[in-house]
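Data first, discussion second: the structure below is written as structure tokens.
The values are calculated or read from the model by the stated rules, or taken from the named source; none is laboratory data. Everything numeric in this text was worked out from a predicted model, so none of it was measured. Here the Cβ positions follow ideal geometry from the backbone for every residue, glycine too, while neighbour counts run over all protein chains shown. Calculation scope for accessible area: heavy atoms of the full protein, side chains included, ligands and nucleic acids excluded. Shrake-Rupley method; radii C 1.70, N 1.55, O 1.52, S 1.80 Å.
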Amino acid sequence: MLLTLILLLIALPVKAEGWRADPRCDPQASTPEIRVALGGLWEEGLVPPFRVAERSRLSLGAQGCLRLPPWLQLSLAWDWLRDENAIGEVTMGPGDFRLGNALYAWRWRGAWLGLGWMVKLPNARDEGELGTDETDVTIGIHGGWAGGPWAASAGLGLSIQGNPLRFANQDDVVLVEGEGLWMHDWLALDATVSAALQSDRNPARIFVGLGATLGGRWFLRPHGRLGLTPAAADGSVGLELGYRTWTIRPSSSR
């Protein structure tokens with residue numbers, strides 16, 4: 001059973017935060033759990049790291065998490081990108097491949113603390129500004145709590161990003177992320193905030209978002225977010241269709 005889940009994760013890459021645990025995975029579970037979803041995301045007014053020109057971006061990929069009790073959560077990610085700049089020029093190609101894990105270092109009742117990391121491999125083309133052609137590493141700490149139908153999580157990380165404009169040069173970006181989640185039967189509602197703080201070579205990018213998850217094992221999740229700083233995408237909307245090996249349940253049953 002465990003081998004089957006690992007093979008499924010490899011065959012259908014997932015996109016999660018990577019370096020911090022997904023609160024939708026049950027931190028108290030005693031059996032392996034997996035959550036996967038195919039999805040699309042449209043972003044308007046996006047300015048990628050190390051770039052200055054805005055663009056519209058369509059991303060098609062997959063999202064989810066795999067938790068291996070008692071301590072480990074794995075994530076993989078890959079997507080296909082389509083960018084359109086201000087004068088209508090279109091660039092398309094594969095996005096970067098990302099691999100990460102989150103480790104639960106401490107758990108007590110509904111609370112947890114952990115460590116995590118994520119590696120972004122240089123698959124996306126630098127020439128069309130779909131990526132940076134650099135290997136980036138993110139490390140961080142994360143924690144969360146679940147009680148009744150409520151759950152919350154937060155993380156503080158450091159992203160070490162290779163600079164595509166200067167050889168053997170990097171930028172260190174502080175990341176802050178948080179999420180509140182309400183779950184009941186077939187419905188879950190979430191509110192998120194995420195920030196890449198200003199660094200030596202990149203401006204601040206801060207977002208707030210809302211989402212809903214509808215369904216049981218098979219689910220549909222519409223979501224969107226707004227940018228609060230000039231370099232952040234003005235807004236984005238997305239839709240996911242996915243499957244999980246468990247259904248939404250209150251933490252009292254965990």
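Some observations on this one:
- Filter result (closer than 29 Å to N202 by Cβ and open to solvent by 30 Å² or more (accessible area, probe 1.4 Å)) within the range 213-228: H223, R225, L226, L228
- Residue count, the range 92-143 (criterion: in a strand (DSSP E or B) and in contact with a Ser or Thr (Cβ under 9 Å, 6 or more places away or on another chain)): 19
- Here the range 85-122 is the region considered, the condition is being without any contact (Cβ under 8 Å) to a residue 60 or more places away in the chain and among the aromatic types (F, W, Y), and the residue that is surrounded by the fewest Cβ atoms within 10 Å (Cβ to Cβ) is W108.
- Residue within the range 158-172 that is closer than 28 Å to L239 by Cβ, touching a strand residue (DSSP E or B) at 6+ places or on another chain (Cβ under 8 Å) and not hydroxyl-bearing (S, T, Y) present: no
- Screening F167 with (1) farther than 26 Å from P122 by Cα; (2) at pLDDT below 95 gives one miss only, at (1).
- For the range 188-212, a residue qualifies if it is more than 16 Å from V237 (Cβ to Cβ), surrounded by 15 or more Cβ atoms within 10 Å (Cβ to Cβ) and of a type in the set (D, E, K, R), and the qualifying residues are R201, R205.
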